[in-house]
Amino acid sequence: MAAGGCLLFLLLPSLVTASHSPPGCKIRITSKGLDLVKQEGLRFVEQELQNITVSDLHGSEGQFQYNISQVKVTDLQLAFSDLNFQPQQHLVFNISNASISLRFRRQLLYWFFYDIGSINASADGVHIYTVLQLAKDEAGRLKISNMTCSASIARMHAGFSGTLRKVYEFLSTFIVTGMRFLLSQQICPSLEHASLVLLNSLLDTVPVRNYVDEHIGIDYSLLRDPSITTDTLELDFKGMFFPRVREDQELENHAVEPVIKETERMVYVAFSEYFFDSAMHSYFQAGVLTIELQGEKVPKDLEVLLRATFFGTIFMLGPSVDAPLQLVLQVSAPPRCTIKPSGTSVSVSAFLNISLVPPDRPPVQLSSMAMETKLSAKVFLQGKALRVQLDLRRYGWGAMGAWGGSPPHPTHSCLLLCRFRIYSKQSALESLALFSLQAPLKTLLQLTIMPIINERTKKGVQIPLPEGMDFTREVVTNHAGFLTVGADLHFSKGLREVIEKYRPVPTAAADSSSQPAEPSLDPSSL
């Protein structure tokens with residue numbers, strides 16, 4: 001028994017780690033962001049309530065027979081509404097003291113008198129209280145998993161006209177009471193369909209596991225259900241890249257977990273070192289971190305210097321002395337990212353092989369050297385794409401200001417020195433001989449290699465936001481082990497526009513059955 005208790009005690013740390021894997025990407029939505037969502041959501045709710053379908057109402061009272069049909073919502077006044085966070089996983093949407101204007105068709109038969117026409121009605125004191133439960137589904141996607149709703153109508157009035165107006169006023173109690181009941185019964189089903197079907201189709205536009213380019217993909221699956229406080233909603237994403245040649249590959253996350261404390265902006269997105277490390281590891285596993293320069297692609301002044309440096313070796317080759325040079329730069333290990341408050345850097349180790357390539361003959365290697373460099377990395381947003389631009393030169397502005405905007409105050413700047421050195425793989429003596437090549441090769445990397453790398457990563461990777469929602473006024477801030485992007489939001493597309501774009505096309509049978517039947521004008525049908 002004691003041995004079993006000790007075993008459980010030893011396993012407890014690993015069980016805790018497994019149940020709370022640190023995210024590579026974390027998103028916080030603040031109450032300011034929720035206010036923006038409320039404005040767009042209110043427009044969406046108005047559109048849904050205007051499409052309410054109310055069943056026909058018919059009945060009799062003595063010799064009177066009536067039929068109410070073709071009920072349509074003509075106007076909505078949703079003046080008082082709130083959308084709030086409710087711990088631990090809920091959003092509460094509350095509409096109070098709203099009004100709904102209706103217009104419907106009437107048919108009345110009293111003995112031999114038959115009357116038809118329209119009625120204008122208004123429902124006042126409408127209260128709607130909905131609670132949305134948010135959770136991750138089996139695929140790791142954020143979903144509205146459940147909804148509770150209650151709706152009530154305090155008062156309803158109807159205005160009548162026509163030859164039997166007095167009769168309708170006499171029967172208004174039956175008609176208005178029935179209409180109020182039918183209308184209140186249709187509000188919640190309409191909003192339930194809007195939430196569980198339509199809004200979930202909008203959440204389907206958030207990228208979860210998709211390809212970034214022809215070499216790697218990104219896994220944005222949620223690690224756990226969202227965490228909601230009274231002021232914020234936080235989502236923990238896996239944030240792991242994977243090589244497309246080995247999509248099931250998992251890279252263990254040992255990085256610092258991002259911690260977001262700010263609430264001034266509408267949204268904050270945090271990325272840990274693991275996020276960037278997994279990208280570089282995936283590119284390394286895909287075998288694409290190799291660049292080859294040959295012939296005219298080698299800068300002329302560098303070619304002259306290399307031929308002078310290896311003159312003895314080249315001279316011994318005889319007729320091949322004029323063969324073109326070939327430089328092959330191959331990364332020898334997955335690059336590593338380091339994020340500090342002073343800036344972001346990437347450490348790279350690589351091999352540089354210098355060869356002559358005689359026509360119709362195998363390449364002749366002149367030298368093979370190891371290179372170590374620390375590159376500065378500028379992280380910024382372009383639209384919804386996170387991009388990284390690498391630089392071998394000294395990068396003068398640190399992360400305490402807004403990258404991509406105006407430079408911060410000099411007291412907030414930090415100079416990030418980029419390290420670069422080369423050495424021979426064969427001997428220390430040859431390393432000394434290569435010292436004169438260090439500056440030219442560094443220039444080669446900066447002016448030739450860096451543009452190639454930055455062009456390959458130009459597209460960036462999309463941040464997991466729904467379609468139609470974009471960032472504005474972005475600010476990138478570095479912390480110890482992670483960086484955050486604080487931004488405001490705006491809707492470039494309305495919710496309805498995005499939902500209609502992805503709405504399944506209904507069948508012809510569904511179209512015909514969904515349309516309300518035209519009421520008969522024959523009094524015998526009453």
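The values are calculated or read from the model by the stated rules, or taken from the named source; none is laboratory data. Computed from a prediction, not measured in an experiment: that's the story for all the values here. Every residue, glycine as well, gets a Cβ built from its backbone with ideal geometry; the counts of neighbours run over all protein chains shown. Accessible surface is based on the protein model in full, side chains and every heavy atom, while ligands, DNA and RNA are left aside. Shrake-Rupley method; radii C 1.70, N 1.55, O 1.52, S 1.80 Å.
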Fill in: Of all residues in the stretch 147-163 being surrounded by 15 or more Cβ atoms within 10 Å (Cβ to Cβ), part of a strand (DSSP E or B) and not β-branched (Val, Ile, Thr), the one that is modelled with the lowest pLDDT
Ala158
Worksheet item: Does any residue in the stretch 218-229 that is under 11 Å from Cys25 (Cβ atoms) come within less than 7 Å, Cβ to Cβ, of a residue that is open to solvent by 10 Å² or more (accessible area, probe 1.4 Å) and among the hydroxyl-bearing types (Ser, Thr, Tyr) six or more places away or on a different chain, and which pairs are these?
Response: Leu223/Ser21
Discussion item. Consider the stretch 359-374. How many of its residues are without any contact (Cβ under 8 Å) to a residue 60 or more places away in the chain and in a strand (DSSP E or B)?
Written reply: 6
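Being open to solvent by 20 Å² or more (accessible area, probe 1.4 Å) and touching a Leu at 6+ places or on another chain (Cβ under 7 Å) is the filter here; which residues of the stretch 331-362 pass it?
Val331, Ser342, Val348
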Worksheet item: Which numbered condition trips up Pro464, out of (1) touching a Pro at 6+ places or on another chain (Cβ under 7 Å); (2) open to solvent by less than 10 Å² (accessible area, probe 1.4 Å); (3) farther than 21 Å from Leu222 by Cα?
Response: (3)
Practice prompt. Sort out which residues of the stretch 48-73 are out of contact with any Asp or Glu (no Cβ under 9 Å at 6 or more places or on another chain), buried (at least 17 other Cβ atoms within 10 Å of the Cβ) and among the β-branched types (Val, Ile, Thr), and write them in order of number.
Written response: Ile52, Val54, Val73
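Output the residue which, of all residues in the stretch 210-236 that are assigned to a loop (DSSP other than H, G, I, E, B) and of a type in the set (A, V, I, L, M, F, W, C), is farthest from Phe85 (Cα to Cα).
Here the answer is Val212.
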Practice prompt. Please enumerate the residues belonging to the stretch 112-137 that are under 22 Å from Val71 (Cα atoms) and surrounded by 19 or more Cβ atoms within 10 Å (Cβ to Cβ).
Written response: Ile119, Ala121, Ala123, Val126, Ile128
Worksheet item: Would you say Gly140 is at pLDDT 90 or above, open to solvent by less than 20 Å² (accessible area, probe 1.4 Å) and closer than 30 Å to Arg246 by Cβ?
Response: yes
Discussion item. Restricting to the stretch 237-275, and then to whatever is more than 12 Å from Ile218 (Cβ to Cβ) and part of a helix (DSSP H, G or I), can you tell me which residue is least open to solvent (accessible area, probe 1.4 Å)?
Written reply: Tyr274
Fill in: Members of the stretch 74-108 that are farther than 14 Å from Leu132 by Cα, open to solvent by 70 Å² or more (accessible area, probe 1.4 Å) and among the charged types (D, E, K, R)
Arg103
Worksheet item: Hey, Arg28 hits all of (1) touching a Phe, Trp or Tyr at 6+ places or on another chain (Cβ under 7 Å); (2) open to solvent by 20 Å² or more (accessible area, probe 1.4 Å); (3) over 30 Å from Leu251 (Cβ atoms); (4) at pLDDT 80 or above but one; which does it fall short on?
Response: (3)
Worksheet item: Out of the stretch 473-507, which residues are open to solvent by 80 Å² or more (accessible area, probe 1.4 Å) and either among the aromatic types (Phe, Trp, Tyr) or modelled with pLDDT under 75 (or both)?
Response: Tyr502, Arg503, Pro504, Val505, Thr507
Response to the item:
Output for Cβ contacts, cut-off 6 Å, separation at least six or different chains, first residue closer than 14 Å to Leu375 by Cα in the stretch 329-352, second charged (D, E, K, R) and modelled with pLDDT under 90, reads Ser345/Lys374; Ser347/Lys374; Ser349/Glu372
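Please pick out the residue among Thr230, Thr177 that is assigned by the TED database to the domain that holds Ile128 and either within 23 Å of the chain's Cα centre (by Cα) or of a type in the set (S, T, N, Q) (or both).
Thr177
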Worksheet item: Out of all the residues in the stretch 251-309, which are closer than 19 Å to Pro451 by Cα and of a type in the set (Ser, Thr, Tyr)?
Response: Tyr283, Thr290
Worksheet item: If you take the residues in the stretch 53-89 that are modelled with pLDDT of 85 or more and of a type in the set (A, V, I, L, M, F, W, C), which one is nearest to Thr229 (Cα to Cα)?
Response: Phe85
Discussion item. Which residue is modelled with the lowest pLDDT, if the candidates are limited to the stretch 454-472 and must be acidic (Asp, Glu) and touching a Ser or Thr at 6+ places or on another chain (Cβ under 8 Å)?
Written reply: Glu467
Worksheet item: Is at least one residue of the stretch 369-377 open to solvent by 20 Å² or more (accessible area, probe 1.4 Å) and at pLDDT below 65?
Response: no
